[in-house]
1. Using alpha-carbon pairs under 8 Å, 6+ residues apart, how would you state the relative contact order of the chain in percent?
2. In whole Hz, what ³J(HN,Hα) sequence does segment 306-311 give by Karplus (6.51, -1.76, 1.60; θ = phi - 60°), x for Gly and Pro?
3. Can you tell me, using C-alpha contacts under 8 Å and at least 6 residues apart, the relative contact order of segment 148-369 as a whole percent?
4. Give the distance, in whole Å, between the Cα centre of segment 204-222 and the Cα centre of segment 339-360.
5. Have a look at segment 195-319 and give its Rg and Dmax from the Cα atoms, expressed in angstrom.
6. Counting other Cβ atoms within 10 Å, which GluC sites (Glu not before Pro) in segment 292-332 have at most 12 and lie in a DSSP loop?
7. Which Cys residues of the chain have no other Cys beta carbon under 4.7 Å away?
8. Enumerate the calculated ³J(HN,Hα) couplings along segment 60-67 in order (Karplus 6.51 cos²θ - 1.76 cosθ + 1.60, θ = phi - 60°), each rounded to whole Hz, writing x wherever the residue is Gly or Pro.
Amino acid sequence: MSGPAAATAVDRRWMARALELARDGLYSAAPNPRVGCVIASGDTLLGEGRHLRTGGPHAEVAALAAAGTRARGATAYLGLEPCSHHGRTPPCAEALIAAGVARVVAALQDPNPRVAGQGFAALRAAGIEVESGLMAEEATALNAGFISRMTRGRPRVTLKLGASLDGRTAMASGESRWITGGEARADVQRWRGESCAIVTGIGTVLADDPRLDLRLPDTLTHGRQPLRVVLDGDLRIDPQARILAPPGHALVCTTRTEGARADELRTAGAEVTALPLKPGGLDLEALLAALAARECNEVLVEAGPALAGAFVAAGLVDRLVVYLAPVLMGAGARGMFALPGLTRMAERLQWRFIDVTPCGEDLRIVAVPA
């Protein structure tokens with residue numbers, strides 16, 4: 001097939017199943033991509049697998065094990081090009097070749113420079129028919145963070161906010177518990193689960209002493225906790241702050257990494273690292289580059305208006321998630337974003353709604369830059 005248009009109904013059925021299997025790794029596969037695999041012969045399912053966690057079996061290996069000798073002459077359906085390099089596990093392209101599959105249908109070429117077409121090339125060299133592009137849009141959405149890290153050198157950034165109907169996120173005093181209802185707060189766990197790191201600012205830590213940990217069942221997360229990151233240029237954070245406590249690991253980003261307070265934070269179990277200082281605060285682009293170097297695919301920002309505004313003003317937010325509560329908090333309450341003053345409508349920052357869904361008594365709005 002030259003592209004998705006040539007796919008048969010059977011091909012679409014099995015690719016949809018492969019992507020469904022990939023979603024089983026939504027909260028646990030990182031830093032690897034979310035991948036599922038189906039081995040089939042026509043309408044007959046021979047084996048299937050998914051990649052659940054780093055170091056565990058890749059989807060192709062699990063599916064081939066389930067199919068056994070029946071894989072010879074069959075078709076393998078994959079959300080992503082099979083790897084061709086030795087990493088934590090052997091190359092999946094070699095496993096498909098050894099199993100004798102006749103055809104491989106993949107949604108996407110792997111954006112990882114270590115693969116980037118080499119898996120397809122190895123399959124073709126072995127005489128295997130290779131087709132790609134089927135359900136590429138769905139596969140791209142599933143692995144948007146991994147693709148971002150491989151192609152842009154930074155994670156995908158999601159900014160989450162809870163706000164009143166008049167766009168307020170806290171009272172003038174800083175009090176913010178709770179604007180949204182229990183259903184919305186529980187739903188936030190899903191965004192945390194998809195994330196490799198959760199970023200907040202020292203203002204939020206001092207005002208709310210949040211944990212920002214992941215509380216989804218271990219059966220979904222396989223014990224994985226996102227890295228918790230605090231931006232704190234002057235090291236004002238209390239070593240007893242809840243965000244530094246287990247489970248998981250905490251990273252404090254600052255301008256100075258030496259001294260008694262830094263030592264206290266390290267004793268408390270936190271990692272302290274330096275970031276460059278730019279006008280207005282710590283360098284957010286340098287932060288994202290550092291998180292990419294740590295193999296973070298997805299970053300969730302949960303912060304107050306200053307840091308939220310800084311991320312938006314820098315053009316670093318790929319997705320905005322707002323939980324809008326049916327309450328009014330008044331003109332004196334704090335807004336959603338501290339942005340530079342705009343004087344003309346032409347200067348406004350335009351976003352596009354991609355999802356608007358009721359969430360308990362609140363409304364969840366997901367938007368992307370237009």
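1. Details: 815 pairs, mean separation 58.8, N = 370.
This gives 16 percent for the chain.
2. With the stated coefficients, segment 306-311 comes to 5, 6, 4, x, 5, 5 Hz.
3. Values: 445 pairs, mean separation 70.1, N = 222.
Normalised by residue count, the contact order of segment 148-369 is 32 percent.
4. Cα centroid of segment 204-222 versus Cα centroid of segment 339-360: 27 Å apart.
5. Considering segment 195-319 through its Cα atoms, Rg and Dmax are 13.9, 44 Å.
6. Details: sites: 295, 298, 302; in loops: 295.
Listed in order of number, the matching sites amount to none.
7. 37, 83, 92, 253, 359 - these cysteines have no disulfide-compatible partner (Cβ-Cβ under 4.7 Å) in the chain.
8. 4, 5, 5, 5, 5, 5, 5, 6
A short reminder: the numbers here are calculations on the coordinates, not readings from a lab. Model, not experiment: these values are computed from the prediction. Don't worry about glycine lacking a Cβ; one is built from the backbone with ideal geometry, like all the others, and counts go over all protein chains shown.
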